[in-house]
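The values are calculated or read from the model by the stated rules, or taken from the named source; none is laboratory data. The structure presented is a predicted model; accordingly, all values stated were derived computationally and were not measured. FYI the Cβ positions are ideal-geometry reconstructions off the backbone, even for glycines, and counts take in every protein chain you see. What goes into the accessible areas is simple: the full protein's heavy atoms, side chains included, and nothing from ligands, DNA or RNA. Shrake-Rupley method; radii C 1.70, N 1.55, O 1.52, S 1.80 Å.
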Amino acid sequence: MGALLKWSAGVALLCASQAAMAATVGPVTDDLGVIRIAKGAPIQIGAYWVLSGADTALGLDEKRGVEIAFKDVGGKLLGHPLKLNAEDDGCNAEGGQTAATKLAANPQTVIVLGPACSSAATPGAPILWQQGIVDICTACTAPALTASTRKKEYDGFARTVFSDAEQGKADATYIHNVLKAPSVVTIHDGSPYAQQLQQVMADNFKQMGGKVLSQEAIAPTDVDMKPLLTRIASEKPDLIYFPVFTAAAAQIVRQARGTPGLEKTKLMGGGSLLSADFIEAAGPGVVGFIIGYPDLSPEAMGQNYPKFVDEYKKAYNEAPISGYHANAYDGAMLAIKAIEKVAKTDKDGALYIGKKALRDAVFAIKFDGISGPIACDQYGECSQFKPSVLEFTSSDPKTFGVGKNPKKIWP
Amino acid sequence: MVGRYIARLNAVDVVLWGLRVGVVAVVVIGTAGTLIKGRYNAAQWFDFVMFGLTIGSIYAQIALGYTMVYGVLRLINFAHGDIVMTGAFAGYFVAMPLDRSGFLEDQPVVAMAAVLLVAVIVSTSVAVLTERIAYRPFRRVVGLAPLICAIGVSFFLEQTFRGMFGSAVKSYPDPPWQRAAFHVLGFNVPRIDVLVIGLALLFMGLLYLVVQRTRMGTAMRAVAEDGEAAALMGIDVNKVVVFTFVLGGAMAGIAGVFYAFVYKQVYFLMGFTPGIKAFGAAVLGGIGNIPGAMLGGFFLGMVESVGPTLFLDGIGIPAPYQLRDLIAFTLLIMVLIFRPHGLLGEALARKRA
């Protein structure tokens, strides 16, 4: 009897604590808490991207996409100015953890955009979700982040960019069916993005009947690739597939051309390399180098994409410097639409946003974005993928331009 | 005798012996397995060795800076890798206009001399300023403060260059004469590798002569042996310390240009990794010992280049190049277990004793 009483008391306490988690502030009650924004105070939207180092173009391009989205809604939402608190994550796990912790520590962070790199998102998203903050990623493509097997701690994570489960399959299709290369060697740098993408490509390539001779690995800071490339040359592959980041990929491109036995071996990289910085770093060897990428041609994008590009050029006096600006713009628009849908204003002009309601709104909203239709599945995958392969045509960084250098060669 | 030794073994000894036997077994079995497989031809083995000698010669030059400063001041100058970076950047800003004008292609000897000269001037100036402004106030401070100061200087240099020149990777010129190769006995010998190894040996030889045969070099060795006694004998210790930083800075500038000409990239963090590895090389050779630093550099370069293939291919470990730092530093630890003062450090230690 005593034990039963204790058990009942325990259950009651548990129920009480669950109920206590639901907070009511002003006119809003929400299970995960409510953010109150005083009259005239800004709606603070957090962000983390790579904003320094060799991959800066990747993150800066996305930041600009978000800034244009804010401008397109007049810089205000429901009478409150929009404020972007952007952190630099350095495109690595430590940076992602630090940036997410900083953003999560700000009680006024309504929602977070970014990052560009899966390495940063993998530790960053759970830290944010622990505080009930939704993270809309704008370029991190590692399949595990939106896989059906993902852990509960990623429940607050969604992305307006495709999964590399699609990219890897498309790359394998191109290598096997178009290039008709019978054998490949892959190289990754241990990052979730590179490791998972090369694995998906390798698995699909094997299923199609191709031969994966070996799956090599490097450290992102490696500079001397010659011993590795000499080792690979002994296997005589038709193609080397290395979806790694700018500095290491540029070294592979440079050093492969001078490695005996690899003179005719085709080189293929991934989506992190679409920038003028990569052309500068890779030098003359970049000509003829190909990367798998989502199709950015106007006919494959949403109907407002050309207008966006004009706005981008006008705002920053240059064409887009990388390839995920449209995904970032759509991510920002998704956040804005979700806030609009759930926010409530009291008679004093203060704004109230329920965190769980915001998460549900992000996962429910559907619209035609400039990167294509946006509609999230239950695991946070909100984007659709159209494959393409791009080839670099010149080693002059000034010639960089999506569609020109590199130019689309497939489909 | 053996029985008595075994009886005296404690748990730490057992672990150390286990480690030694394990590493030797991996090396022997792996090497035998790789050679039996016969996957690589002679030209490829030759290439592995050349790559190792090239990066090793650069590590050796950088290691000299660590070892000389340690010898004189007992300070680990963690900013030394970043002084290499300053030299590489200075060389870049000379090499690029020379390349654009075609001078680097038409007059390679004069152009390379100009690039090296400017790099040496800049890196030496930075090294001397670092000593004067940051390290000298800590000269008599006991404890970790000088080391922390050196780490601070490292961050300061990195972030200053980042602020001045941006964080993107800059590409060094790649003239055709550097891309060409000599063909000797059927082997392919890249010209840039020969140049880097040859000049590195020449400059290290010159530095050795300066330290061994000049009055200032003798004073440097005297300060390294016993600073207070040297001061009592009338040696100006400040001058000797500045001279040490001049020599180390000059070698860092040369190493920075060579590193950038081989790997073609400069950016603000480029000095960190080679700096750490060169420090490992200096410890391996026997920190404070100049020939030891050179030997340590070449050893580390060779192990990094040849080791993964030679030791791990034969035992079927996939992606062995991911483990190259592990192999290099495991062997470093092994050497230090057998010879705690490093490869050539014992003579110096005995002399001091």
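Here are the numbers:
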quantity: Residue within region A:83-104 that is in contact (Cβ under 8 Å) with a residue 60 or more places away in the chain and within 27 Å of residue A:23 (Cα to Cα) present; calculated: no
quantity: Of all residues in region B:287-323 being of a type in the set (Val, Ile, Thr) and open to solvent by less than 40 Å² (accessible area, probe 1.4 Å), the one that is farthest from the other protein chains (Cβ to nearest Cβ); calculated: B:290
quantity: Test: residue in region B:327-340 that is basic (Lys, Arg) and within 14 Å of chain A (Cβ to nearest Cβ); calculated: no
quantity: Answer residue from region B:36-63, given it is within 13 Å of the chain's Cα centre (by Cα) and of a type outside the set (A, V, I, L, M, F, W, C) and is farthest from the other protein chains (Cβ to nearest Cβ) among those; calculated: B:61
quantity: Selection count where residues are among the aliphatic types (A, V, I, L, M) and open to solvent by 60 Å² or more (accessible area, probe 1.4 Å), scope region B:152-193; calculated: 3
quantity: Cross-chain or 6+ apart pairs with Cβ under 7 Å, region A:220-247 first and over 19 Å from residue A:171 (Cβ atoms), then assigned to a loop (DSSP other than H, G, I, E, B) and of a type in the set (Asp, Glu); calculated: A:220/A:189
quantity: Residue in region B:264-280 that is hydrophobic (A, V, I, L, M, F, W, C), crowded, with 24+ Cβ neighbours inside 10 Å and assigned to a helix (DSSP H, G or I) present; calculated: yes
quantity: Scope region B:250-272; condition facing chain A (nearest Cβ under 9 Å) and more than 20 Å from residue B:165 (Cα to Cα); matching residues; calculated: B:262
quantity: Identity of the residue in region A:101-133, in contact with an Asp or Glu (Cβ under 7 Å, 6 or more places away or on another chain), assigned to a loop (DSSP other than H, G, I, E, B) and not hydrophobic (A, V, I, L, M, F, W, C), that ends up farthest from residue A:245 (Cα to Cα); calculated: A:114
quantity: Counted residues, region A:211-236 - those being more than 8 Å from every other protein chain (Cβ to nearest Cβ) and open to solvent by less than 10 Å² (accessible area, probe 1.4 Å); calculated: 3
quantity: Check on residue A:381, of a type in the set (D, E, K, R) and in contact with a helix residue (DSSP H, G or I) (Cβ under 7 Å, 6 or more places away or on another chain); calculated: yes
quantity: Selected residue [open to solvent by less than 10 Å² (accessible area, probe 1.4 Å), touching a Phe, Trp or Tyr at 6+ places or on another chain (Cβ under 7 Å) and among the hydrophobic types (A, V, I, L, M, F, W, C)] from B:88, B:79, B:119; calculated: B:88
quantity: Strands (runs of 3 or more DSSP E) enclosed by region A:298-411 - at least 2 residues per element that are open to solvent by less than 50 Å² (accessible area, probe 1.4 Å) and within 30 Å of residue A:150 (Cα to Cα); calculated: A:351-354, A:366-369, A:372-375, A:387-391
quantity: All positions within region A:74-97 that are over 19 Å from residue A:193 (Cβ atoms) and open to solvent by 50 Å² or more (accessible area, probe 1.4 Å); calculated: A:74, A:76, A:78, A:79, A:83
quantity: Extreme residue, farthest from residue A:334 (Cα to Cα), among residues of region A:37-52 that are in contact with a Ser or Thr (Cβ under 7 Å, 6 or more places away or on another chain) and open to solvent by less than 10 Å² (accessible area, probe 1.4 Å); calculated: A:50
quantity: Matching residues, region A:190-209, being within 25 Å of residue A:264 (Cβ to Cβ) and either open to solvent by less than 10 Å² (accessible area, probe 1.4 Å) or of a type in the set (D, E, K, R) (or both); calculated: A:194, A:197, A:198, A:201, A:202, A:205, A:206
quantity: Residue in region A:250-262 that is of a type outside the set (Val, Ile, Thr), within 14 Å of chain B (Cβ to nearest Cβ), open to solvent by 10 Å² or more (accessible area, probe 1.4 Å) and in contact with a Leu (Cβ under 8 Å, 6 or more places away or on another chain) present; calculated: yes
quantity: Qualifying residue in region A:208-222 (condition: in contact with a Lys or Arg (Cβ under 9 Å, 6 or more places away or on another chain) and farther than 22 Å from residue B:320 by Cβ); calculated: no
quantity: Scan of region A:274-289 for residues that are under 12 Å from residue A:393 (Cα atoms) and either surrounded by 22 or more Cβ atoms within 10 Å (Cβ to Cβ) or within 17 Å of the chain's Cα centre (by Cα) (or both), ordered by number; calculated: A:279, A:286, A:289
quantity: Residues being in contact with a Phe, Trp or Tyr (Cβ under 9 Å, 6 or more places away or on another chain), open to solvent by 10 Å² or more (accessible area, probe 1.4 Å), assigned to a loop (DSSP other than H, G, I, E, B) and not acidic (Asp, Glu) - total across region A:150-167; calculated: 2
quantity: Test result for residue A:71, open to solvent by 40 Å² or more (accessible area, probe 1.4 Å), within 15 Å of residue A:139 (Cβ to Cβ), among the charged types (D, E, K, R) and touching a residue at least 60 places away in the same chain (Cβ under 8 Å); calculated: no
quantity: Within region B:3-106, helices (runs of 4 or more DSSP H) holding 3 or more residues that are in contact (Cβ under 8 Å) with a residue 24 or more places away in the chain; calculated: B:11-37, B:42-73, B:80-101
quantity: Residue, farthest from residue B:243 (Cα to Cα), within region B:153-211, restricted to residues that are assigned to a strand (DSSP E or B) and in contact with a strand residue (DSSP E or B) (Cβ under 6 Å, 6 or more places away or on another chain); calculated: B:188
quantity: From B:202, B:129, B:147, B:157, residue being more than 14 Å from chain A (Cβ to nearest Cβ) and either closer than 17 Å to residue B:112 by Cα or touching a His at 6+ places or on another chain (Cβ under 6 Å) (or both); calculated: B:202
quantity: Residue in region B:64-86 that is farther than 25 Å from residue B:327 by Cβ and within 14 Å of chain A (Cβ to nearest Cβ) present; calculated: yes
quantity: Residue tally, condition of a type outside the set (S, T, N, Q) and more than 21 Å from residue A:114 (Cβ to Cβ), over region A:361-411; calculated: 23
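Table: residues versus (1) among the aromatic types (Phe, Trp, Tyr); (2) in contact with a strand residue (DSSP E or B) (Cβ under 7 Å, 6 or more places away or on another chain); (3) not in a helix (DSSP H, G or I).
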| position | (1), (2), (3) |
| --- | --- |
| A:46 | no, yes, yes |
| A:51 | no, yes, yes |
| A:58 | no, no, no |
| A:66 | no, yes, no |
